[in-house]
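A.B. asks: Dropping a structure here in structure tokens format, bear with me for questions.
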Amino acid sequence: MSFIQNDWYVAAWPHEVTDKPMARRLGNQPVVLYREQSGRAVALLDRCPHRGAPLSLGEVTAQGIQCNYHGLVFGDDGKCRVVPGQERIPAKNCVKSFPLVEKDGFLWIWLGDASKADPSMIVDYPYHNDAKTWPRKCGMMRVKGHYMLMIDNLMDLTHIGYMHKNTIGSGPADEYVNAIMNSERTARGAKFTRWLLDHTPPATYVAAGGFKGKVDRWQEFEFIAPGNVLMYTGGKDAGTGAYDRNEREGGIQLRVFHALTPETDTTCFYFYSTMTGYKQDDPNTSQLYHDAIVRTFKEDADFIEGQQERLSEMPNPQIDTIHDTVRVYVRRHYDSRMNDEAQERAGQGTSPAASVSPMEQA
Amino acid sequence: MSFIQNDWYVAAWPHEVTDKPMARRLGNQPVVLYREQSGRAVALLDRCPHRGAPLSLGEVTAQGIQCNYHGLVFGDDGKCRVVPGQERIPAKNCVKSFPLVEKDGFLWIWLGDASKADPSMIVDYPYHNDAKTWPRKCGMMRVKGHYMLMIDNLMDLTHIGYMHKNTIGSGPADEYVNAIMNSERTARGAKFTRWLLDHTPPATYVAAGGFKGKVDRWQEFEFIAPGNVLMYTGGKDAGTGAYDRNEREGGIQLRVFHALTPETDTTCFYFYSTMTGYKQDDPNTSQLYHDAIVRTFKEDADFIEGQQERLSEMPNPQIDTIHDTVRVYVRRHYDSRMNDEAQERAGQGTSPAASVSPMEQA
Amino acid sequence: MSFIQNDWYVAAWPHEVTDKPMARRLGNQPVVLYREQSGRAVALLDRCPHRGAPLSLGEVTAQGIQCNYHGLVFGDDGKCRVVPGQERIPAKNCVKSFPLVEKDGFLWIWLGDASKADPSMIVDYPYHNDAKTWPRKCGMMRVKGHYMLMIDNLMDLTHIGYMHKNTIGSGPADEYVNAIMNSERTARGAKFTRWLLDHTPPATYVAAGGFKGKVDRWQEFEFIAPGNVLMYTGGKDAGTGAYDRNEREGGIQLRVFHALTPETDTTCFYFYSTMTGYKQDDPNTSQLYHDAIVRTFKEDADFIEGQQERLSEMPNPQIDTIHDTVRVYVRRHYDSRMNDEAQERAGQGTSPAASVSPMEQA
């Protein structure tokens, strides 16, 4: 198992889950997501315990999700409620139910030991509930790489001037390398703030903010395990107080919630919501920024997929540079959590499938 | 080996096999099927013993099938008859020949020990020779599931009201669940008869039989190992003697021969011939019924493929319901035959490849 | 490792390699090929030692190839020359560099122990430097078969009358079988000369040479390890001295350089240059012959791919015929080289990955 088990991952955007069941592989398990007639979202293992057919080929009825092979119906707790023509239903006729919580515009799933599922661990994200200040667009892409490769990517922004030189990183690459950088470990990951002072704004910034000259630009990123990166970034005219007096208004302000969820050991889902904290009354603003971000993330995905191919074949060496500090913090947290879970399983005498991911060796 | 070896499977429809060699994987072996110039159909291992090229890339000559790599020719017994430019041909220069019998409109192949091939074991099917009473259409589809999953499907017809509610099972699902059911084990499998009395005919029945009201509908199915299901079904106006006086004329009568043949451990070929025992003079009747069956079988295939995916990953649990009685009979026959063959191989000191199918654990 | 390591293979045609990096798998390793700003062609392992990203997603700068993930730059020796923002670069921050030599219109790569790379081992091919006498066209196709299967193919030309009967082998197949054949082993492989006297010229010959009747046709082939076959062939009117007086002028003369390079254990690259030593002033001549050869090689590729499928599943038996003499010579050379390399590795205490190719068992 090459991912942290006992924590919350984004399973889907709420609008993706309807009364028409949807199959999605999450944490290497086939999951069916759907809404009961009450509107409540449910996640079950996508496998009928009768003959093994996918429940996602079924339909939602008043009593729960009906397998459309032989008509068995299951409740949100995974218990079988109907076997057509049969009175007694044995207790073992049930399917695994995953804790699923809808909060702040996300559907969060707990992939590990359900008895440990603690909704208070779910990240708060109030910006999703303030559409007036932070209008947003949501998206998702499937990336053929381990989810932590995407987290690694977000923890070292010196890549912007190289990988994204045609999108959000146009201008001298050195400015991204030489940013003022402050970082720290946190209880659930790490965070950093970077300042690019007297910085050449990339084309996307100029288009968004109408800047005439240099800007002061900030990049605040926080990784919160297991798969979340909260980003707050923006810029305003250079020397107008953003850096020294913390006066951030007057330019552009952006938030992105990055949520990475393992699909398999070598693929993941990348959920992102982009929020524009400026020109909130202009309906194009949000869309323009979202489109720029999607182009940027496709550049990331190309590299992550190439990287996964190489690491699957040749995991080592991986030689850090001085810019890997925060990435190393994050990996230490990940390794520590993975290690704790492995020890806990060992203590329970359960033996999970050995990892097939090269990432744990990294 | 996840299939019964020593028995006859349908290899192809006779019209599929011509003097142009055809490659088909049968029982996890590459087979070439073709007709000699005499018209006799032949099945050989599709691998030239010289350099391993597929014989199916070759052509039929007066002396047999010619490998079009270097011109070697093989007879229907698999012995090499020609090595261009070479006088003596060693006896070891031969290829495996499979017993192949053309009978009643099928080409039957024996995939196991050729010395045990007994043509008297081949199912008789006289309806194929009576086109006047039983005009027919033949078809085939490849299904990405173990062939026994398709047999399982045919042994529990309570699925009709759920899986096929848009085709042959429209109407209340309960009527399929609550049918009168009689079943029994047989020497080579199992059979059952179901009656749906005072039954809401599905749209396909109404279109075929012009029924104005309810019908009495019968479903007689017999599984004959290794992969055959003989189906006789039909209906007529309710209460007009079909059930209590065995008077079946006056409505519609249908026969389908279902033949399932393993391709690999997780895929199969589904051969079917559909026969309409009514309106034999109307050329559309046969086609209409065939088309309805094909739509229906695609619904089956979707489920079987989803089921195979799940069972390949998670073979257990599989919890039976009261409708699994005949399916269990059939699986007992299958398990018993598989066990006999395994013991026989063990006695011979041969060690076949271990099974990779989840089905044997089911 | 199912290929000879310590020798030169064609990596690419020179025109394929530019300042835009190109990824190509060679000898089961991911390689990036590019030209430095000086024009010199370079081959490195296509994997940045920092985070494992493909260097082929990068770009060529004045200092070398830049990884476009985080901007590291590597020289032609594989040493890291730039880590943006970092002064000291540890020696271990380097990537494997492959010896690469541009000679006679080929780019030759050494896939094995770089310390043994000896450019004097590279085949001389002066015809590539004499475009006036030998105008040429180059091509390449990827074949899903072990590269030695393609060499085998070229060592037994009795296949021409069967496999190529619709292209370069039209006419009686027997004429190809009964050719006068002289062969011998050489230090680095084997060679043979075949004469087809009073031979029915195939349609491609008639189109090229305008022959009215029979011809005398020669086929001179030399295999030079590890993957080269030098071919010189042609024909002129029968009985006009080609055979008995070695007067080859007056008809058509053709040269093909066949270079086979392993991509993986079951796939290869087939590089070919076709040269027409007649009607050198007619610009169509070269193209017509090249087109005929491409059609012919696709016929070969179909068989090799079918053969690989069968041999991957069933490596044995492979029963030689009398026409396998030269093929056996070549395989002995190959086996001997493979054996020497295996012993050498054993002596060094290195344990390479076990072979997965069926070819070594052949």
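Bear in mind that the values in this text are calculations on the coordinates, not laboratory data. This one's a predicted model, so the numbers in the text were calculated from it and none came from an experiment. Neighbour counts are summed over all protein chains in view; Cβ atoms, including those assigned to glycine, are modelled from backbone coordinates with ideal geometry.
A.B. asks: Pairs of Cα atoms under 8 Å, at least six residues apart: use those to get the relative contact order of chain B, whole percent.
C.D. replies: Value for chain B: 18 percent.
A.B. asks: If each residue of separation counts as 0.36 nm, what is the full-extension length gain between residue C:240 and residue C:61 once their alpha-carbon separation is subtracted?
C.D. replies: Stretched fully, the residue C:240-residue C:61 segment lengthens by 58.4 nm.
A.B. asks: How far, in nm to one decimal, is residue C:249 from itself in the other copies if the label point is set 7 angstrom along Cα toward Cβ? Shortest first, please.
C.D. replies: In nanometres, ordered from closest: 9.4, 9.4.
A.B. asks: Which cross-chain or sequence-distant (5 or more) residues have an amide H under 5 Å from the amide H of residue C:31, H modelled 1.01 Å from N in plane?
C.D. replies: When sequence neighbours closer than 5 places are left aside, the close amide H contacts are C:24, C:25, C:26, C:46.
A.B. asks: Follow-up question, since we're still on this one. Compare the peptides A:316-322, B:101-107 by average per-residue count of other Cβ atoms within 10 angstrom and give them in order, highest first. The partial results should precede the final answer.
C.D. replies: Working: A:316-322: 15.9, B:101-107: 18.0.
Per-residue Cβ counts within 10 Å, averaged per peptide and sorted highest first, yield B:101-107, A:316-322.
A.B. asks: Can you pull the mean other chain C-beta count within 10 Å for peptide A:161-169?
C.D. replies: 3
A.B. asks: Same structure again: Can you pull out the GluC sites (Glu not before Pro) in the range A:197-296 whose DSSP state is coil and whose Cβ has at most 15 other Cβ atoms within 10 Å?
C.D. replies: A:247, A:249
A.B. asks: For residue B:11, list long-range residues whose amide hydrogen, built 1.01 Å from N in the peptide plane, is under 5 Å from its own amide hydrogen.
C.D. replies: Counting only residues 5 or more places away or on other chains, the set is B:107, B:108, B:109.
A.B. asks: Same structure, new question: With +1 on each Lys and Arg Cβ and -1 on each Asp and Glu Cβ, and nothing else charged, work out how big the dipole of the range A:101-256 is about its Cα centre, in Debye to the nearest 20.
C.D. replies: Once rounded to the nearest 20, the dipole reads 400 debye.
A.B. asks: Given B:132/B:236; A:20/A:116; C:191/C:236; C:20/C:279, which pairs have Cα atoms separated by over 25 Å?
C.D. replies: Distance filter (> 25 Å) returns A:20/A:116; C:20/C:279.
A.B. asks: Further, regarding this structure: Tell me whether the range A:236-356 comes out rounded, prolate or oblate; compute the Cα gyration tensor, take square roots of the eigenvalues as a ≥ b ≥ c, and use a/c under 1.5 as the rounded threshold.
C.D. replies: Prolate shape, in that a/c is at least 1.5 and a/b is the bigger ratio.
A.B. asks: I want the local charge near residue A:160. Using Cβ-Cβ distances under 13 Å, sum +1 for each Lys or Arg and -1 for each Asp or Glu among the other residues.
C.D. replies: With Lys, Arg at +1 and Asp, Glu at -1, the net is -2.
A.B. asks: Any idea what the residue A:313 label distances to the other copies are, label 7 Å down the Cα→Cβ vector, nm, shortest first?
C.D. replies: 2.7, 2.7
A.B. asks: Taking a ≥ b ≥ c as the square roots of the eigenvalues of the Cα gyration tensor of the protein assembly as shown, is the shape rounded (a/c under 1.5), prolate (a/b larger than b/c) or oblate?
C.D. replies: oblate
A.B. asks: What ranking do C:80-87, C:26-33, B:65-72, A:9-16 get when scored by the average of other Cβ atoms within 10 Å per residue, highest first? Walk me through the numbers on the way to the answer.
C.D. replies: Working: C:80-87: 17.4, C:26-33: 21.9, B:65-72: 26.9, A:9-16: 19.6.
Going from most to least packed, we get B:65-72, C:26-33, A:9-16, C:80-87.
A.B. asks: Turning to a different aspect of this structure: How far apart, in nm, are the 7 Å Cα→Cβ label points at residue A:18 and residue C:96?
C.D. replies: For the pair residue A:18/residue C:96, the computed spacing is 5.1 nm.
A.B. asks: Just to confirm a number: summing +1 for Lys and Arg and -1 for Asp and Glu over residues other than residue A:317 whose beta-carbon lies under 13 angstrom from that of residue A:317, what do you get?
C.D. replies: Numbers: positive: A:310, C:47, C:51, C:92, C:96; negative: A:320.
Surrounding charge for residue A:317 is +4.
A.B. asks: Assign one of three labels to the range C:129-206, namely rounded, prolate or oblate, based on the Cα gyration tensor with a ≥ b ≥ c the square roots of its eigenvalues; rounded applies when a/c is under 1.5, prolate when it is not and a/b is larger than b/c, and oblate otherwise.
C.D. replies: Rounded shape, in that the Cα axes give a/c under 1.5.
A.B. asks: Still on this model: Roughly how crowded by other chains is peptide C:21-34, in terms of the mean Cβ count from those chains within 10 Å of each of its Cβ atoms?
C.D. replies: The shielding value for this peptide is 1.
A.B. asks: Given R₀ = 35 Å, FRET efficiency for residue B:185-residue B:79 by Cβ-Cβ distance, to 0.05?
C.D. replies: According to the calculation, E is roughly 0.25.
A.B. asks: Just add up the charged neighbours of residue C:294: K/R +1, D/E -1, any other residue whose Cβ is under 11 Å from the Cβ of residue C:294.
C.D. replies: With Lys, Arg at +1 and Asp, Glu at -1, the net is 0.
A.B. asks: In whole Hz, with x marking every Gly and Pro, tabulate ³J(HN,Hα) for the range C:67-78 from phi via Karplus 6.51 cos²θ - 1.76 cosθ + 1.60, θ = phi - 60°.
C.D. replies: Coupling constants for the range C:67-78: 6, 8, 7, 10, x, 5, 10, 10, x, 5, 8, x Hz.
A.B. asks: Pull out the extension gain between residue B:115 and residue B:220, defined as 0.36 nm times the separation in residues minus the alpha carbon to alpha carbon distance; nm, one decimal.
C.D. replies: Extra length available between residue B:115 and residue B:220 comes to 34.3 nm.
A.B. asks: Still on this structure, please answer the following. Which value in deg cm²/dmol, rounded to the nearest 500, describes the helix-derived mean residue ellipticity at 222 nm for chain B, given -39,500 (n - 2.57) per DSSP H run of n ≥ 4 and division by the residue count?
C.D. replies: So the calculated ellipticity at 222 nm is -7000 deg cm²/dmol.
A.B. asks: Provide the per-residue ³J(HN,Hα) series for the range A:280-295, in order, calculated from phi with Karplus coefficients 6.51, -1.76, 1.60 and θ = phi - 60°, each as a whole number of Hz, with x at glycine and proline positions.
C.D. replies: Karplus values, whole Hz, x for Gly and Pro: 5, 8, 8, x, 7, 4, 4, 5, 4, 5, 4, 4, 5, 5, 4, 4.
A.B. asks: Moving to a separate point now. Charges on Cβ only, +1 for Lys and Arg, -1 for Asp and Glu, centred on the Cα centroid of the range A:39-185; of A:86, A:138, A:68, which one is farthest towards the dipole's positive end?
C.D. replies: Positive-end residue among those listed: A:86.
A.B. asks: Right, something else. Would you kindly derive the ³J(HN,Hα) couplings of the range B:192-203 from the backbone phi angles with the Karplus curve 6.51 cos²θ - 1.76 cosθ + 1.60 (θ = phi - 60°), listing them in order in whole Hz, with x for Gly and Pro?
C.D. replies: Couplings: 8, 10, 10, 10, 10, 8, 6, 9, 6, x, x, 4 Hz.
A.B. asks: How big is the charge dipole of the protein assembly as shown about its Cα centre, in debye rounded to the nearest 20, if each Lys and Arg gets +1 on its Cβ and each Asp and Glu gets -1 on its Cβ?
C.D. replies: So the dipole magnitude of the protein assembly as shown works out to roughly 480 debye.
A.B. asks: Arranged from highest to lowest average of other beta-carbon atoms within 10 Å per residue, in what order do the peptides C:50-62, C:234-246 appear?
C.D. replies: C:50-62, C:234-246
A.B. asks: Under 5 Å between amide hydrogens, which residues at least 5 positions from residue C:18 or on another chain qualify, with H placed 1.01 Å from N in the peptide plane?
C.D. replies: When sequence neighbours closer than 5 places are left aside, the close amide H contacts are C:35.
A.B. asks: Something else about it: Which trypsin sites (Lys or Arg not before Pro) from the range C:108-205 combine a DSSP loop assignment with at most 12 other Cβ atoms within 10 Å? Could you put the intermediate results ahead of the total?
C.D. replies: Numbers: sites: C:116, C:132, C:136, C:137, C:142, C:144, C:165, C:185, C:188, C:191, C:194; in loops: C:132, C:144, C:165, C:188.
In loop regions of the range C:108-205 (DSSP not H, G, I, E or B), the sparsely surrounded trypsin sites (Lys or Arg not before Pro) are C:132.
A.B. asks: Further question on the same structure: Quick test of your reading: applying the under-4.7 Å Cβ rule, which cysteines of chain B are isolated?
C.D. replies: Lacking a cysteine Cβ partner under 4.7 Å: B:80, B:94, B:138, B:268.
A.B. asks: If you don't mind, another one. What average number of partner chain Cβ atoms lie no more than 10 Å from the Cβ of the residues making up B:307-315?
C.D. replies: 5
A.B. asks: Suppose we take every Cα in the range A:113-267 and form the convex hull; what volume per residue is that in Å³?
C.D. replies: It comes to 143 Å³ per residue, whole-number rounded.
A.B. asks: Give the Rg/Rh ratio for chain C, taking Rg as the radius of gyration of the Cα atoms and Rh as the Kirkwood radius, to two decimals.
C.D. replies: Rounded to two decimals, Rg over Rh is 1.02.
A.B. asks: Inter-copy label distances at residue B:345, 7 Å along the Cα→beta-carbon direction, one decimal in nm, shortest first?
C.D. replies: Label-point distances to the other copies, shortest first: 3.3, 3.3 nm.
A.B. asks: Label-point separation (nm) for residue C:291 and residue A:131, each offset 7 Å from Cα along Cα-to-Cβ?
C.D. replies: So the label points at residue C:291 and residue A:131 sit 6.2 nm apart.
A.B. asks: If you don't mind, another one. The range C:81-143 to the range B:131-206: how many Å between their Cα centroids?
C.D. replies: Cα centroid of the range C:81-143 versus Cα centroid of the range B:131-206: 66 Å apart.
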